[in-house]
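Student: Sharing a structure with you now.
The values are calculated or read from the model by the stated rules, or taken from the named source; none is laboratory data. All figures in this text were calculated on a predicted structure; none of them were measured in a lab. Every residue, glycine among them, receives a Cβ derived from its backbone with ideal geometry; neighbour counts consider all protein chains shown. Ligands, DNA and RNA are excluded from the accessible area calculation, which covers all protein heavy atoms including side chains. Shrake-Rupley method; radii C 1.70, N 1.55, O 1.52, S 1.80 Å.
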Amino acid sequence: MEEVYIKGKYSRLIFQNSSSGYTIGVFKVHDTNSEALSDYIGRSLTFTGYFHELNENDLYMLYGKLVSHEKYGEQFSVSRYDRCRPEEKDSIVEFLTSGLFKGIGEKKAQAIVDVLGSETLKIILETPDNLILIPGITKKNADMLHEKLKEYEASYQSIIYLTDLGFTTKESMIIYNHYKGKTETVIKNDIYSLVLDIVDLNFKRVDYIALNMGVEKDHLIRIRSAILYIMDEVSNLYGHSYYFYDEIYKLIHRVIGINISEDSFIEALNSLEKDLLIVVKEDKYYLKEMYEAEILIVKRFRLLASNDDNSCKKIDDALNELEEFFRIKYNDEQRLAIKNSYLKDFLIITGGPGTGKTTIMKGITELYRQLNKLSYMDLQEKVALLAPTGRAAKRMADSTGLRASTIHRFLKWNRETNKFQVNEYNKSKVEFVLIDEASMIDTYLMAALLKGISANCKIIIVGDDHQLPSVGPGNLLHDLIESCKLPVVKLKELYRQGKDSNIITLAYDIRKESIDSSIFNVEDDLTFIDSTAEEVVFNIMDICRTYKDYSYKDFQILAPMYKTIAGIDEINKNLQDIFNPKEKSKKEIKIGDVVFREGDKVIQLTNMPDDNVYNGDIGIISRISLSPKKEVEIEFDNNIVRYTPSNFNNFRQAYAISIHKAQGSEFDIVIMPVVKNYNKMLYQKLVYTGVTRSKKKLYIIGSLESMNYAASNVNTDIRRTTVKDFLINGIK
């Protein structure tokens, strides 16, 4: 089948993403080979696609297809394009006077074309000195015409070069925008440098194209890139900050598909160390970014902790006034935490559920405001309340009455470049940072935060180090506390009592590795249902019928795994008809193997800061559109986010979610299955984190044997890091 094209001129811009080159514009159609598009000849048509540069005076061939957009109507979706070099004399004059060539007006352009004819552009490119022979054309004009035309030609040729190699038009645009005129040189010298320089390109993608280009499988640049890939992947998979020689060497042949000599491997390691891409300390191999992140964290926290206490002679009187202000009585631990939060420039406050961490944060911010004689408006400018997730930040804001945000939002994370706009070159002016749910913060994110705030900014960290460690690499909160080199207030006295006391007792039993089964089924807050894996889904469905009209924000099923007969996927499939039964009025869409329905509860899987939605946020599908274009709209706390097929994989059903995804959130009612089928996912920190998500009522469905096994399984998530060692023994 002949490829459909439209030929004509670019008319005007509607939208363009400067980073990716994605463009929406208007195109004046001169010709087409499609019967369906023939009515557009002589008319304008909206187009979409990825472009490097569009000039209103150029003639283009756009290849693609006609599509229908709900909002913008018919559009031409461009898969590739060609720029037609002007051949006719009038077209060349028009091109030369387009504004691209400064100092060339219509008179000079006409003179050039009268002498050089239809070969004008070719002659300018190949023998520009011939231009000097034309009356009125100076050497400066000739040089400028030659350079501009060469630059213009080169950019287009670079895009063609990249797409011919196998990169998509979008990838080609991103690559060219990064390297500009050096594009082809970079590709030919070391195509693997793209992996380091461009976020959207990973080792596997570049490696595939490199091998097709003829790069040898055992080439040094390939082995180097594979080593960096292995270290990054292992870091994200296991959370380690460093690796050993043998580990990397054993994995290298799996990644590159061949066995290499140890000499070649050592050469690659030495080369990476010389180029400052890895750091080797004794027998430990670090990615440079990870090593520097750990060093920055250790130095900053040690520096802040070494500062003399801030003076405040009447601090105890101020605490008494604070108790009167809130009509509350702090216990000794809470009082010490609030007091030290003012006196010290660095402090860690840690404690389990029911110890009053939320109450303390409220007291910390108010004490800081009162002692510094700040208005609430001034307080918002000087203090940043931060959390790793959107839900945790919202809880923080609700409890303190102050503005709070995710760390990513505070640092103005750019999704396309994966860089923070608030950084060491553009620091925030806040004087005090209060961080909640600190167990979820990985090493890289903490280092990024420290780069974005001043060296003397006060830092208070709040968290429960018995919870799951961060998804990203590191075990930061645990390492900081275990070092015993930094000021820490440990909250042990239970502040929260009443209905949820049995849930809290269970949480502390898990930490002690021994569960007293007598606490189950005594009060309404903690229910245990003995169940096999085969019975889990049935029992969950039975309970959920009682709560089918309960707010989706306050009721949640948490499970350790997605697969198995008692996994998240199976639970979600069965719960949809209880919480959101099929109705004629509700539209549905099938994405992969899952049918989504208007009214479905869903969870966000990635950060989308431009849409103010973050990993772990839970929402409801408010609208599904199937024609003319598939779209799904999801409401997250009155924030409507629109999804198209390109990012449908950014959400999934959330009647049941993983315990990892629930970290940083709390729910009134939680159902948590715990059965043998979850195998190695049954470990102390995971089950402890799940239990502590519940505020009022918790159902455990499974076996006491599995619960006790999980409580005693404490060695499954040991991460190799050096923050603790650096704090204790110094940086060598």
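Student: Cβ-Cβ under 6 Å, sequence separation 6+ or interchain: first residue in region 303-331 and among the polar types (S, T, N, Q), partner modelled with pLDDT under 90. Which pairs?
Tutor: Partner pairs satisfying both residue conditions: N331/E493.
Student: Do we find a residue being out of contact with any helix residue (DSSP H, G or I) (no Cβ under 9 Å at 6 or more places or on another chain), modelled with pLDDT under 90, surrounded by fewer than 23 Cβ atoms within 10 Å (Cβ to Cβ) and not hydroxyl-bearing (S, T, Y) anywhere in region 696-714?
Tutor: Within region 696-714, not a single residue is out of contact with any helix residue (DSSP H, G or I) (no Cβ under 9 Å at 6 or more places or on another chain), modelled with pLDDT under 90, surrounded by fewer than 23 Cβ atoms within 10 Å (Cβ to Cβ) and not hydroxyl-bearing (S, T, Y).
Student: Could you run through region 17-49 and say how many residues are in contact with a Ser or Thr (Cβ under 7 Å, 6 or more places away or on another chain), at pLDDT below 85 and not polar (S, T, N, Q)?
Tutor: 1
Student: Taking K150 as the residue in question, decide whether it is surrounded by fewer than 16 Cβ atoms within 10 Å (Cβ to Cβ) and at pLDDT 85 or above.
Tutor: no
Student: Let me ask you something else. Among the residues of region 418-429, is there at least one that is among the polar types (S, T, N, Q), open to solvent by less than 10 Å² (accessible area, probe 1.4 Å) and either in a strand (DSSP E or B) or in contact (Cβ under 8 Å) with a residue 12 or more places away in the chain (or both)?
Tutor: No, region 418-429 contains no residue that is among the polar types (S, T, N, Q), open to solvent by less than 10 Å² (accessible area, probe 1.4 Å) and either in a strand (DSSP E or B) or in contact (Cβ under 8 Å) with a residue 12 or more places away in the chain (or both).
Student: Conditions: (1) under 17 Å from Y286 (Cβ atoms); (2) touching a residue at least 12 places away in the same chain (Cβ under 8 Å); (3) within 24 Å of the chain's Cα centre (by Cα). I248 meets all but one. Number of the miss?
Tutor: Single failed check for I248: (3).
Student: Then there is this: Consider Y655 against the criteria (1) buried (at least 23 other Cβ atoms within 10 Å of the Cβ); (2) of a type in the set (F, W, Y); (3) within 28 Å of K357 (Cβ to Cβ): it satisfies all of them except one. Which criterion is unmet?
Tutor: Only one criterion is unmet by Y655, namely (3).
Student: Then there is this: Report, by residue number, each residue of region 539-592 that is touching a Leu at 6+ places or on another chain (Cβ under 8 Å) and either of a type in the set (A, V, I, L, M, F, W, C) or exposed (fewer than 12 other Cβ atoms within 10 Å of the Cβ) (or both).
Tutor: Matches in region 539-592: I540, M541, C544, I557, I589.
Student: With the checklist (1) surrounded by 12 or more Cβ atoms within 10 Å (Cβ to Cβ); (2) without any contact (Cβ under 8 Å) to a residue 60 or more places away in the chain in hand, flag the one item D525 doesn't pass.
Tutor: (2)
Student: Just one of the numbered conditions (1) closer than 20 Å to S454 by Cβ; (2) open to solvent by 20 Å² or more (accessible area, probe 1.4 Å) is not true of L434; which one?
Tutor: Condition not satisfied by L434: (2).
Student: Let me ask you something else. Based on what the data block shows, is S627 at pLDDT below 90, among the polar types (S, T, N, Q) and not in a strand (DSSP E or B)?
Tutor: Yes: the conditions hold for S627.
Student: Continuing with this model, one more query. Can you tell me which residues in region 455-487 are β-branched (V, I, T) and assigned to a loop (DSSP other than H, G, I, E, B)?
Tutor: Going residue by residue through region 455-487, those that are β-branched (V, I, T) are 459-462, 471, 481.
The answer is V471, and nothing else.
Student: Another question, if that's okay. Quick one: N236 ticks every box in (1) in a loop (DSSP other than H, G, I, E, B); (2) closer than 17 Å to K288 by Cβ; (3) among the polar types (S, T, N, Q) except a single one, so which number is it?
Tutor: Answer for N236: the failing condition is (1).
Student: Next question, about the same structure. Go through L251, L304, L296 for me and flag whichever is open to solvent by less than 70 Å² (accessible area, probe 1.4 Å), within 30 Å of N372 (Cα to Cα), out of contact with any Leu (no Cβ under 8 Å at 6 or more places or on another chain) and in a helix (DSSP H, G or I).
Tutor: L304 is the lone residue from the list that is open to solvent by less than 70 Å² (accessible area, probe 1.4 Å), within 30 Å of N372 (Cα to Cα), out of contact with any Leu (no Cβ under 8 Å at 6 or more places or on another chain) and in a helix (DSSP H, G or I).
Student: Return the residues of region 160-213 that are open to solvent by 20 Å² or more (accessible area, probe 1.4 Å) and hydrophobic (A, V, I, L, M, F, W, C); say none if nothing qualifies. Working first, answer last.
Tutor: Our first condition is that a residue be open to solvent by 20 Å² or more (accessible area, probe 1.4 Å); within region 160-213, this holds for 160-161, 163-166, 168-171, 174, 177-182, 184-186, 188-190, 193, 195-197, 199-200, 202, 204-205, 208, 211-213.
Answer for region 160-213, where residues must be open to solvent by 20 Å² or more (accessible area, probe 1.4 Å) and hydrophobic (A, V, I, L, M, F, W, C): I160, L165, I174, V186, V195, L196, V199, L211, M213.
Student: Just to verify a result, which residue in region 115-139, among those that are in contact (Cβ under 8 Å) with a residue 24 or more places away in the chain and part of a helix (DSSP H, G or I), is most open to solvent (accessible area, probe 1.4 Å)?
Tutor: If we take residues in region 115-139 being in contact (Cβ under 8 Å) with a residue 24 or more places away in the chain and part of a helix (DSSP H, G or I), then S118 is most open to solvent (accessible area, probe 1.4 Å).
Student: If Y643 satisfies every condition in (1) open to solvent by 10 Å² or more (accessible area, probe 1.4 Å); (2) within 30 Å of E598 (Cα to Cα); (3) not aliphatic (A, V, I, L, M) but one, which is the exception?
Tutor: Single failed check for Y643: (1).
Student: Would you check which residues across region 48-71 are under 26 Å from Y152 (Cα atoms), in a strand (DSSP E or B) and in contact (Cβ under 8 Å) with a residue 40 or more places away in the chain and list them?
Tutor: Of everything in region 48-71, those that are under 26 Å from Y152 (Cα atoms), in a strand (DSSP E or B) and in contact (Cβ under 8 Å) with a residue 40 or more places away in the chain turn out to be G49, Y50, L59, Y60, M61, L62, Y63, G64.
Student: Something else now. Name every residue in region 214-233 that is open to solvent by 10 Å² or more (accessible area, probe 1.4 Å), charged (D, E, K, R) and not in a loop (DSSP other than H, G, I, E, B), in order of residue number.
Tutor: R224, D232, E233 - these are the residues of region 214-233 that are open to solvent by 10 Å² or more (accessible area, probe 1.4 Å), charged (D, E, K, R) and not in a loop (DSSP other than H, G, I, E, B).
Student: Out of all the residues in region 270-293, which are open to solvent by less than 80 Å² (accessible area, probe 1.4 Å) and either touching a strand residue (DSSP E or B) at 6+ places or on another chain (Cβ under 7 Å) or within 30 Å of I460 (Cα to Cα) (or both)?
Tutor: L272, E273, I278, V279, Y285, Y286, L287, K288, M290, Y291, A293
Student: In region 307-334, what residues are of a type in the set (D, E, K, R) and open to solvent by 30 Å² or more (accessible area, probe 1.4 Å)? I'd like the intermediate steps shown before the answer.
Tutor: In the first step, residues of region 307-334 are kept if they are of a type in the set (D, E, K, R); the result is 308-309, 313-314, 316-317, 321, 323-324, 327, 329, 332-333.
Result: D308, D309, K313, K314, D316, D317, E321, E324, R327, K329, D332, E333.
Student: Just a yes or no: is a residue in region 257-264 touching a strand residue (DSSP E or B) at 6+ places or on another chain (Cβ under 7 Å) and exposed (fewer than 15 other Cβ atoms within 10 Å of the Cβ)?
Tutor: No, region 257-264 contains no residue that is touching a strand residue (DSSP E or B) at 6+ places or on another chain (Cβ under 7 Å) and exposed (fewer than 15 other Cβ atoms within 10 Å of the Cβ).
Student: Is there any pair with a first residue in region 497-518 that is within 12 Å of L698 (Cα to Cα) and among the small types (G, A, S) and a second that is modelled with pLDDT of 90 or more and open to solvent by less than 50 Å² (accessible area, probe 1.4 Å) whose Cβ atoms are under 8 Å apart and which are 6 or more apart or on different chains, and what are they?
Tutor: So the pair list comes out as S501/D525; A507/Y688; A507/V691; A507/T692.
Student: Same structure, new question: So how many residues does region 347-392 have that are of a type in the set (G, A, S), at pLDDT 90 or above, surrounded by 22 or more Cβ atoms within 10 Å (Cβ to Cβ) and not in a strand (DSSP E or B)?
Tutor: Matching residues across region 347-392 total 1.
Student: So which of I24, I14, I41 ends up being within 16 Å of S79 (Cα to Cα) and of a type in the set (A, V, I, L, M)?
Tutor: I24
Student: If K490 meets every condition in (1) touching a Ser or Thr at 6+ places or on another chain (Cβ under 7 Å); (2) part of a loop (DSSP other than H, G, I, E, B); (3) open to solvent by 50 Å² or more (accessible area, probe 1.4 Å); (4) closer than 21 Å to K357 by Cβ apart from one, which number is that one?
Tutor: Condition not satisfied by K490: (2).
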